[in-house]
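The values are calculated or read from the model by the stated rules, or taken from the named source; none is laboratory data. Quantities reported herein were computed from a predicted structural model and do not represent experimental measurements. All Cβ positions, glycine included, derive from the backbone under ideal geometry; neighbour counts span all protein chains shown.
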Amino acid sequence: MDYETLTKVMRTLALQAGEKIMEIYAKDDFDVRAKTDDSPVTEADEAADQIISAGLRAAFPDVPLVTEEQAASHLQDVNTFLIVDPLDGTKEFIKRRGEFTVNIAYVQDGTPVRGIVYAPAKGRLFYTDPAGQSVEEIGDFADDSVGPVAPMTVRKPDNAGLLVVASKSHRDQATDDYIGKYNVTDMKSAGSSLKFCLVAAGEADLYPRLGRTMEWDTAAGHAVLSGAGGQVVRFDDHTTLNYGKPGFENPYFIALAPGVALEMP
C-alpha cells in the first residue's frame, strides 16, 4: 500500500462525505428508515457511503472494501482490506447531537494500521499520517490543502485517578459496574468513534465497551489510537482486538492508554 496516496485519498473522501452529511443535517427533515437489524439508516449514511465507496474503489481497485451500508461486502473472508462506516453515530445524527463521525480505515493482516475519523459537526479531524503517527488537523479542512497538524499522544495515566469516557447512546449497568472497579477522577460521555480519539488525544485514559459493535465502528478509531501510542484489547482476556472476524463483529473491548492497570471482568 502507498501510504502517501492512502492518506490523501482517505482525507479527501472523509471531507467530501462530511460536507454532504452536513448538507442533509441542516435540513428541517430527512429520511430515516430501519434496517433489517432494526438499526436506523438515513439518507446521509447512504449519500456518504456512495461518495467514499466510489472514491476508494477508483483509487484502490485491487483492495477489498467492507462498508456498513453494503450488506454484500460483509460476506467477504479477508484480513487485509479497507473498511468504512460512512456515518458512525446515526442515532446522534438523528437526535442532532453533533457527535457523529465519518470513519475510513485500512486493515493489514488483521490490524488497523491507518485510519481517519472526521466529526464534521464538531469540526475535529483526526487521522494517521503516512508514517503512521496520529495527528489532529486544525483549520478550515480544504480538500486540496492540508492545514496545521498537531501530533497526538496518549496521556500517561495516573491509576489513582483515571479519566474515563463511555458511550452516550449505549451506556448500561454492566459498563458502570466495570468502570466502578477503577478510581475515576473524571467521567465523560461521547458518541461514535470520538471516544477512541479522546483517548488518543490524551483527553481520556480508558474507554470500555460492553456492547455489540462491528469492525466498521471501531477500525478507524483503533488506528488513530494506535498511532498515538494507545491500545485496543478484548474485554475478556485483554489480548489485542483483531479484524477480519466472521461477519466483522467485535467482542466487548477496552480502548486504553498504556499504563492503565486493567481490571479483569
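A few comments on the model shown:
- Test result for S167, among the polar types (S, T, N, Q) and either crowded, with 22+ Cβ neighbours inside 10 Å or in contact with a Phe, Trp or Tyr (Cβ under 7 Å, 6 or more places away or on another chain) (or both): no
- Check on D205, in contact (Cβ under 8 Å) with a residue 12 or more places away in the chain and buried (at least 18 other Cβ atoms within 10 Å of the Cβ): yes
- Scope the stretch 233-250; condition of a type in the set (D, E) and in a loop (DSSP other than H, G, I, E, B); matching residues: D236, D237
- Single residue of the stretch 214-265 satisfying the filter (among the charged types (D, E, K, R) and under 16 Å from the mean Cα position of the chain (by Cα)) that is surrounded by the most Cβ atoms within 10 Å (Cβ to Cβ): E215
- Residue check for P151: modelled with pLDDT of 95 or more and surrounded by fewer than 15 Cβ atoms within 10 Å (Cβ to Cβ): yes
- Close pairs from the stretch 217-232: first on the phi > 0 side of the Ramachandran plot, partner not in a helix (DSSP H, G or I), Cβ under 9 Å, at least 6 apart: G229/S134; G229/M152; G229/T153; G229/V154; G229/A257; G229/P258
- Scanning the stretch 52-77 for residues that are closer than 17 Å to L6 by Cβ and surrounded by 15 or more Cβ atoms within 10 Å (Cβ to Cβ) yields I52, S53, G55, L56, A59, F60, V63, P64, L65, V66, T67.
- Residue within the stretch 32-42 that is touching a residue at least 12 places away in the same chain (Cβ under 8 Å), buried (at least 18 other Cβ atoms within 10 Å of the Cβ), on the phi > 0 side of the Ramachandran plot and not assigned by TED's automatic domain parsing to the domain that holds S167 present: no
Residues are listed down the side, and each one gets a yes or a no for (1) at negative phi; (2) not assigned by TED's automatic domain parsing to the domain that holds E68:
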site	(1), (2)
Y127	yes, no
A142	yes, no
K156	yes, yes
S192	no, yes
V199	yes, yes
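- Among the candidates G139, G115, G132, residue that is without any contact (Cβ under 8 Å) to a residue 60 or more places away in the chain and of a type in the set (G, A, S): G139
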